[in-house]
1. Determine, for each peptide in B:83-93, A:284-294, A:224-234, the mean count of other beta carbons within 10 angstrom over its residues, then list the peptides with the highest first.
2. Please list, ordered by chain and number, the residues whose modelled amide H lies under 5 Å from the amide H of B:Ala145; skip anything fewer than 5 residues away on the same chain.
3. Once amide H atoms are placed 1.01 Å from N in the peptide plane, what residues at a sequence separation of 5 or more from B:Tyr123, or on another chain, have their amide H within under 5 Å of its amide H?
4. Residue-wise, which Karplus ³J(HN,Hα) couplings in Hz belong to segment A:164-173, taking 6.51 cos²θ - 1.76 cosθ + 1.60, θ = phi - 60°, and x for glycine or proline?
5. Is the C-alpha gyration tensor of chain B telling us rounded, prolate or oblate? Criteria: a/c under 1.5 is rounded; beyond that, a/b larger than b/c is prolate, otherwise oblate.
6. Residue-wise, which Karplus ³J(HN,Hα) couplings in Hz belong to segment B:91-102, taking 6.51 cos²θ - 1.76 cosθ + 1.60, θ = phi - 60°, and x for glycine or proline?
7. What is the local net charge at B:Ile86, summed over the other residues whose Cβ is closer than 9 Å to its Cβ (Lys, Arg +1; Asp, Glu -1)?
8. Taking N as the number of residues in segment B:42-119, what is its Cα Rg relative to 2.2 N^0.38 Å?
Amino acid sequence: MPEGSLRDLHLDQDQVARAASFLEAYAETANAELVRGMPAPQGRGETRALKSKQHSGPVQFRYEHEPLFTLAADTASAFRDAAQWLIYLDVARARKTLARAARVFISMGQPYGMYLLAVAGEWATDPMYEILGDALAGLHLISSGGDTRQMLMPALLHPQQQAYLLLAAGGSQAIPRDSEAPWLLAMEESPHARGVVPVGSLGTPIRRLWDVARQLFLGVPDVSVIGRHLAEMSRAYAETIELAQVNDHLWRHAAAPVDVGDLDIAGIAALTARLVGADGLRDAVLGSVEGRLAAVALAPIEAGIALASDERRGQ
Amino acid sequence: MTYDTVVAVMIQWCIKGMALTDDNAARTIIDGQGGIVCNWWRQVHIITPQAIRLKLTTPNLDRHVNHFQEIDSATGRPFSELTPFISLSAGTIERDALARTNFARRARRTALWFSTDFGQRNYGYLFTCWVVVSPRPNVEIEGMAEEVRELNVYRRYSAFQTEGEVVAKIIVPDNHIQSCEKWDLTPKRGGFTRAWIHDNPRFTPPERLANVRELI
């Protein structure tokens with residue numbers, strides 16, 4: 001269970017709860033400022049109205065420009081950081097907080113928000129088809145060398161955002177598994193499929209996330225491939241945690257500058273567990289390392305499995 | 001032939017979060033006109049230029065950043081009690097960095113976290129100030145603050161150096177401090193609200209100098 005992971009991480013559950021509560025409170029503070037800073041609907045500046053099949057009104061990337069961009073970035077990050085602690089404490093609350101972070105990220109034009117929504121499990125009820133489809137079209141545009149000046153989500157020019165978009169698409173049942181889809185061909189041909197651009201707080205080489213996304217898209221993935229990638233990411237995570245624990249002052253106060261609740265690992269675990277089940281994922285991860293993986297390394301994986309498992313039990 | 005070397009320094013706005021006992025203690029930092037002094041000075045009361053030179057060293061900076069509460073073998077006391085450094089929050093939000101990392105943090109958030117004693121209190125005191133920062137490490141130079149992001153290679157997103165932590169030395173002078181604010185956690189509103197702000201009448205704006213880096 002995720003809360004057992006806190007013992008393995010040598011973290012006091014009450015202090016982690018305080019950290020999560022503080023971040024939630026700070027996020028609400030920042031969100032209130034963001035809402036007050038919202039321009040008029042007929043607004044100044046450039047906006048692009050989009051419609052989602054599930055939404056009743058237009059969706060706008062309303063936080064793309066300053067001064068709202070800074071306020072939104074502050075809000076989204078705080079919600080996300082709160083969720084990173086909550087995955088070890090309260091999975092239902094973690095999902096809601098992830099979704100709140102996700103929506104602000106999307107409103108900033110950051111595809112990373114789609115990944116968080118997929119991880120939170122909200123794609124089944126709020127897939128945001130058109131935004132996701134438009135983002136994938138942007139990926140194809142980049143790959144084909146087209147004019148990207150009018151792209152819907154310019155942040156996609158960053159490889160990291162492309163990787164998260166592909167993970168979201170792979171983990172979403174909303175996207176048809178059409179092997180001839182232009183964006184899928186773009187994914188296969190992209191240099192990032194073999195690339196080393198660092199992604200996430202651990203600096204994971206992008207090729208790992210690209211490969212995971214490819215497997216997720218298959219619908220029936222080769223889970224041993226995903227298991228191998230997760231095992232390697234988890235080893236890097238465990239080493240980072242070990243180094244962070246040297247600064248006992250910051251570590252005990254849940255203030256170390258590391259992502260204890262790593263959402264790359266937990267998120268991939270959640271997306272995969274929904275397809276192959278918790279035991280199937282565990283077997284794949286442990287099988288790739290002959291069972292030799294420290295309890296600390298397993299912490300974010302188990303948290304991700306909980307994110308996927310509890311929703312089936314209605315928690 | 002000789003060349004003059006020009007080193008561009010920055011004025012960096014920062015916030016110092018302090019977990020103080022009450023409003024009076026917070027206002028006294030402004031009204032006392034003594035600035036924000038390091039724990040070392042507060043403990044020993046009298047310091048000398050020679051002693052300062054011996055304190056401002058790279059190993060001591062490493063102890064401040066990475067071993068804050070460990071016992072210093074030179075003194076037998078936790079390093080935190082006799083540190084010559086003062087941690088400040090500068091924040092970090094930059095559009096391209098955000099796209100690469102999905103990580104952003106304003107100075108206020110970090111300062112508030114420390115000022116609430118890591119979430120153990122429902123109130124905190126924030127001091128807004130400015131310091132002078134050079135682009136290169138210069139721990140021996142008392143009047144220049146340090147950006148310490150390079151000291152921890154294990155930090156998240158280390159490839160992009162996102163942490164906005166700045167360290168001042170010995171003192172943040174009184175006229176560098178703009179104000180003190182108290183922030184309360186208000187459960188009904190679900191967030192923090194600013195309870196009051198206490199301005200420093202002796203504050204000197206940094207705009208007289210060039211290269212001001214705004215508070216994020």
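The values are calculated or read from the model by the stated rules, or taken from the named source; none is laboratory data. In this text the structure is predicted, and so the values were computed from the model without any measurement. Heads up, the Cβs are rebuilt from the backbone with ideal geometry, glycines too, and the neighbour counts pull from every protein chain shown. What goes into the accessible areas is simple: the full protein's heavy atoms, side chains included, and nothing from ligands, DNA or RNA. Shrake-Rupley method; radii C 1.70, N 1.55, O 1.52, S 1.80 Å.
1. Numbers: B:83-93: 23.9, A:284-294: 15.5, A:224-234: 21.9.
With the highest mean Cβ count within 10 Å placed first, the list reads B:83-93, A:224-234, A:284-294.
2. Amide H neighbours of B:Ala145, under 5 Å, 5+ apart: B:Val132, B:Val133, B:Ser134.
3. Under 5 Å from the amide H of B:Tyr123 lie the amide H atoms of B:Leu185, each far enough along the sequence or on another chain.
4. Going residue by residue, I get 5, 4, 5, 5, 4, 5, x, x, 10, 6 Hz, with x marking Gly and Pro.
5. On the way: a/c = 1.31, a/b = 1.13, b/c = 1.16.
Note, shape of chain B comes out rounded.
6. x, 7, 9, 9, 4, 5, 5, 5, 5, 7, 10, 6
7. On the way: positive: B:Lys16, B:Lys169; negative: none.
In short, +2.
8. Numbers: Rg = 16.4 Å, N = 78, 2.2 N^0.38 = 11.5 Å.
With N residues counted in segment B:42-119, Rg over 2.2 N^0.38 Å equals 1.43.
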